[in-house]
Structures are given as C-alpha cells and as structure tokens.
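Written below as structure tokens is the structure these notes are about.
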Amino acid sequence: MRVLVFDDDDATGRLVARVAITSGLEAMAVTDAVAFGERLRTDPPQVVVLDLQLRDTDGVEQMRVLADTHYTGALVLMSGFDTRVLATARTVGQSLGLAVERVLKKPIRVADLEAMFERLRSASQAISVERLLEGIANDELGLDFQPVVTRDPKVLTRLEALVRWEHPVMGRIPPGEFLPIAESDMATIDALTDWVVGAAVEAYQVLVELGISVPLSVNLSTLNLHDLTLPDRLENRLRDGGMPTQHLCLEITESAAFADAPRTMEILSRMRLKGMKLSIDDFGTGYSSLKVLRQMPFSEIKIDRSFVSDSTTSGDSRAIVKSIIDLAHNMEMDCVAEGVETEETAALVEQLGVCNLQGYLIARPMPIEAVPAWLAIWTSSSPDTRRDPVLSPVRDPAASHGLTETPHALPVAVPVEKKSDVVRLPPRQLEVMRLLAEGHPVKVIAHRLNLGISTVKVHLALAYSALGAHNRTDAIRRAGPALLGGEIEQSPPS
C-alpha cells in the first residue's frame, strides 16, 4: 500500500512518511502542488495524507484535484485549524466523492499516526475471497448509478449500475481493488454478480415508484459466461422482481466475449432471445473486435474511453472513434461514447455521429436517492422544458424478430407527490416508515419486506428528505399522520 503525504512543512511530511514506512507501508512526502500532481499521475497512491493549509494552494483546492483525477483511495486530512474547519473540510471531501478516512488535528501524535496506518494496513490485507463473500452476505455492497443520455433531443436512455463495497473498516473500496479478488474464484464472482443483478432489480422498483422507468445496465465478468444456466437465472430474477427483461442491458468486454466463443454465443443468444440487451464494452482495445461483432448478438457498442478522451487532440483517436460510429450505424447497432468529460469532447463525438454520451460532463456516479434531483435539474436545463424526456427508439437488428418492445414514457421524477403543503409518501416508503416506527431495525425491515438492506436505507433517505426530517425520531413524528392513514403536513421552511 502506497502513501503520499502533501505538507509544505518538510519536517512534518517526512515524519508522517517515516511513521507510515515503519508501519509496513510504502510512503513518500512532497511539499508542492506540482510534485503532488505528478505523483498522483505516475505512481497513484492508495492513501493520501493532505495538510489543509499550504503555500500557494490549500487542501480544499487539492481535494478537487483528487476528485478530478478520479482518486478512489483513502484520504487523511490534517490541520492546526479548529475542529469546525476540520469538520467542514471533511464534508467538502465527502461531497466530492472522496473517501475521507480520518481528520487529524495538529500537532499530530505519533501514536495516532501509528494506529491509523496499522488499521489501514490490516484492513487492506483483510480483503480476501472469504471476506468478500462475508461482505456480500452482510449486504455491505452498494450500487452507484451513472446516466447514459442523448442531448438532442434530451433523453435519459439508461443508468449504469456500478458496484461499491462499503467496508466497515476501510470505508468505500473501489471495484478495481476487489473485483480481481472476486474473479480469482468462480463461486465468488457468481455470487457478486447475483447480488448486483438483485440490487439492480430492487433499484429499478425504487425508481419506478419515483416515476422513473428507465433501463439499467450491469457489467458481467468473463467468468460469469461459463454458466449455461445464467440466462435462466437472470430471467427468473427479473420476473420475480417485476423488471421487464428489455430493461436490463448487460455490458461485456470484447475480451470476455471471445474467451470461449461457442459457449459464449450460446449464452448470449439466449439472453437476447429473452429480450435482454447486450453491450460490447471497451470496444476497440481487443484484437478480436470485428470477429466478435460478427459472431455475437450484441445490440450496442461502447467506445472505449481512451479513444473518446483523446479524440479532440489525436487525429488517430478521432479516426478510430469515427470508424466505430460508422460501423455501429452500418450494423444497425446503438453506440455509446464513454468517458465524456468536456463539452469539447461531447460536441466532437456528436458531430461524428454518436448520440449516446456517458461521463463526468453528464454526471458522476451517484447513489439512487440522488437520481431524481439530478434528473429534474438536467431536464429543466433542456431548451424545451415542456417536453418530458422519453426513451428513444433503439435501433436493434432483433426488432424484426419481435425481440424488442415499443419505447416507454419517462416522466419527470419528483421524490414525493406534493399538493400545497401536503406530502404523500409512496406506499413502499410508508411501509418502511411504519416498521421503523414500530421499533424494527433496518435488517428486520429488509427481511419483512423482502428487500435488500441498501434498498431499505434508500427508502428511508428519500422519506427523511420528503418529510424534512433530520433523524429517526423526527421522521417518525412527522410521518405519524400518514402512518395512521392520513396525509403529512409539510413543515414550513425554517
């Protein structure tokens, strides 16, 4: 585990790095923003220790640098400022999507550093197949969702579900750190995929209750394609959860698709016959791209982000992107440009012919409870705000065989139905709140309602937000009339 310390006081930086090294970690200290940015690019750390007060910059500005470089490791903040400043800095870091591990007040005690580094080291060693299976069983995983959209007309075409591990000790663990462990054992990757699909189905129902009926996509591992029963398992899970098969898109890398061509063709063909969509992910990075497209029943191509991000500066990348777009159109397949992070890139790929965009320019991955607010803001910025976004027709070679259905309307979402100062909670949120008011913990509520723990937490978060409540007691008090069959009066804004 690599530690990068950024403190403009060389002595303090070297002290923190030395404690990290004696704790069994690799560590380096830098004293300026240029060196810090260079280390982030060339030797990405798993832990960043960042001072808030720096020469020529400050820790808050550098937290944004971390977010812009997609840093996913642990972040430790330190400063001599008062605790309120430290608390605010922690909130800023978390709002940027950073995993703030600790906030240390200067002068720093060596014993505190040793304890922190030892905990991080022990936790990193604790990631194993057995621990991941335990995390799956304990519902420690969660999903974030990233939109795929078109901008003219303005349409939300689907949401990609991205798995996260909320480790009780390490905090949020990015997929890049635990997916290789899952893929080292076939039973574990199958269990992980089953959890992700199940959580996506539950999330779909939550979104439907909020007025958002939009397809979801999940990623399949190479190892998942060993199981000939996978299409039936997926179909049964979707049917049990009330999610139409045509609203599930499975994203598969081209290397995975060609690993065992005959078996893969059988599995993917059965998925398509059941109505599921198939997207070939990271297209253009594998040697077998064209052969895979000719043999496999994909309905969409996702252009690899490396070509998309370089398309504005590299003529070769631009030519590759254009060729892939033309190939998709000629094969009557949809096309998605992923990794769209600037307006310049979006305008270029749209000019080249791609219509579906995904990337930080549109939205970062977000928890499900943030989707309605994002959608409302994104929709309201449309040139024609009178038009609700709709699911656009998808070009699909399977349409002539009756494998696709007509587009579904996608109404603008609001968390709750409101009339003047009255709030009506959706039925499922009322069920969750009723059980909460009876004193049941989240795990019991999940069991009683046959929901995942993460889904129950989402319903609670949405209910708290709608009620204007800040804690469990306040939420139960405000929800009292609804729990008795009445309406909830919304408190006037303070």
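The values are calculated or read from the model by the stated rules, or taken from the named source; none is laboratory data. Since the model is a prediction, treat every value here as computed from it, not as a measurement. With ideal geometry, Cβ positions are generated from the backbone for all residues, glycine too; neighbour counts draw on all protein chains shown. For the accessible areas, the whole protein counts, side chains as well, though only heavy atoms, and no ligand, DNA or RNA atoms are used. Shrake-Rupley method; radii C 1.70, N 1.55, O 1.52, S 1.80 Å.
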Any chance region 434-450 includes a residue that's in contact (Cβ under 8 Å) with a residue 60 or more places away in the chain, among the hydrophobic types (A, V, I, L, M, F, W, C) and closer than 27 Å to Val196 by Cβ? yes
Some residue of region 177-199 being open to solvent by 10 Å² or more (accessible area, probe 1.4 Å) and of a type in the set (Phe, Trp, Tyr): yes
Of Gly59, Gly97, Gly73, Gly93, which residue is in contact with a Ser or Thr (Cβ under 9 Å, 6 or more places away or on another chain), buried (at least 20 other Cβ atoms within 10 Å of the Cβ) and either modelled with pLDDT of 85 or more or not hydrophobic (A, V, I, L, M, F, W, C) (or both)? Gly59
Residues in region 79-87: is at least one in contact with a Pro (Cβ under 8 Å, 6 or more places away or on another chain), open to solvent by less than 80 Å² (accessible area, probe 1.4 Å) and not aliphatic (A, V, I, L, M)? yes
For Leu357, state whether it is in a strand (DSSP E or B), modelled with pLDDT of 85 or more and either aromatic (Phe, Trp, Tyr) or under 30 Å from Phe307 (Cα atoms) (or both). yes
Restricting the search to region 340-354, which residues are surrounded by fewer than 21 Cβ atoms within 10 Å (Cβ to Cβ) and in contact with a helix residue (DSSP H, G or I) (Cβ under 9 Å, 6 or more places away or on another chain)? Glu341, Thr342, Leu348, Leu352, Gly353
What pairs can you find where one residue is in region 215-237 and free of Cβ contacts under 8 Å to residues at least 40 places away in the same chain and more than 17 Å from Ala199 (Cα to Cα), the other is open to solvent by 10 Å² or more (accessible area, probe 1.4 Å) and not in a helix (DSSP H, G or I), and their Cβ atoms are less than 6 Å apart, with a gap of 6+ or different chains? Thr222/Ala259
Is it true that Arg270 is in contact with a helix residue (DSSP H, G or I) (Cβ under 6 Å, 6 or more places away or on another chain), in a helix (DSSP H, G or I) and either more than 30 Å from Arg424 (Cβ to Cβ) or among the β-branched types (Val, Ile, Thr) (or both)? yes
Across (1) modelled with pLDDT of 75 or more; (2) more than 19 Å from Pro372 (Cα to Cα), Thr473 clears everything bar (1)
Please pick out the residue among Leu192, Leu162, Leu225 that is in contact with a strand residue (DSSP E or B) (Cβ under 8 Å, 6 or more places away or on another chain) and part of a strand (DSSP E or B). Leu162
